[in-house]
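Heads up, the thing below is written out as structure tokens.
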Amino acid sequence: MSKPDDSPAFGLTPSPGEWSGAAPRRLALMLGARPVPLLPPPSPQPPCRVLVVDDDDGVRGLIVQLLGRTGFQCVVRMARDGMAGGDQIPVFQPHLIILDVDMPVVDGGELCQRVKADSRFPNTKILMITGSQQDEQLDIALQAGADGWLSKPFVVEDFVFKVADLLAGVA
């Protein structure tokens, strides 16, 4: 996560003028060290990894924005179709895959089945999304082994709840 340039790290708030000007440089020179910028404290766990696979650029962008704005500490990668998503999974090893059902090349149902059948990814969760309101899309997701399901357009609170539930214990 980024912080505004003018905000202090670790929530420390110096008094006015306390660390302005040459004071930090003088202190560093007195201690025989070069000034080092403060870094945020290490996370207790590494960030989660999320792969977003959807053929709609707008939906992928929206999901990435929602993940960032809702406080999930995630590294996010994206793919335009199931084939590209499938190529990224062994290398990226996502904790969560947010996967559109209806896509070109390899559809979401087929990719979901592949991931669930692969012993290398026993803990990878899959949230399937679709713009279709037909029950057959839900059946595809359930039969493929999806861990969660949302219809587009989705309610932001529903999305956040599902993602938090699927990432419980990871992020």
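The values are calculated or read from the model by the stated rules, or taken from the named source; none is laboratory data. Just so you know, these numbers come straight off a predicted model, no measurement behind them. Note that each Cβ is placed from the backbone with ideal geometry, even for glycine, and that neighbours are counted across all protein chains shown.
Can we say PRO46 is at pLDDT 55 or above, out of contact with any helix residue (DSSP H, G or I) (no Cβ under 9 Å at 6 or more places or on another chain) and assigned to a loop (DSSP other than H, G, I, E, B)?
yes
Can you tell me which residue in the range 152-171 is surrounded by the fewest Cβ atoms within 10 Å (Cβ to Cβ), limited to those that are over 14 Å from ILE126 (Cα atoms) and among the small types (Gly, Ala, Ser)?
Within the range 152-171, the match that is surrounded by the fewest Cβ atoms within 10 Å (Cβ to Cβ) is GLY169.
Here are the criteria: (1) modelled with pLDDT under 90; (2) of a type outside the set (Gly, Ala, Ser); (3) not in a helix (DSSP H, G or I). Tell me which single one ILE140 does not satisfy.
With (1) modelled with pLDDT under 90; (2) of a type outside the set (Gly, Ala, Ser); (3) not in a helix (DSSP H, G or I) applied to ILE140, the lone miss is (3).
Tell me which residues, restricted to the range 54-89, are more than 19 Å from ARG114 (Cα to Cα) and of a type in the set (A, V, I, L, M, F, W, C).
VAL59, LEU62, ILE63, VAL64, LEU66, LEU67, PHE72, CYS74, VAL75, VAL76, listed by residue number.
Would you call ILE126 under 17 Å from VAL163 (Cβ atoms), among the hydrophobic types (A, V, I, L, M, F, W, C), in contact with a Cys (Cβ under 8 Å, 6 or more places away or on another chain) and at pLDDT 90 or above?
When the stated conditions are applied, ILE126 passes them.
Filter the range 62-92 for residues that are farther than 22 Å from VAL105 by Cβ and outside any helix (DSSP H, G or I) and give the result.
Those that are farther than 22 Å from VAL105 by Cβ and outside any helix (DSSP H, G or I): THR70, GLY71, PHE72, GLN73, CYS74, VAL75.
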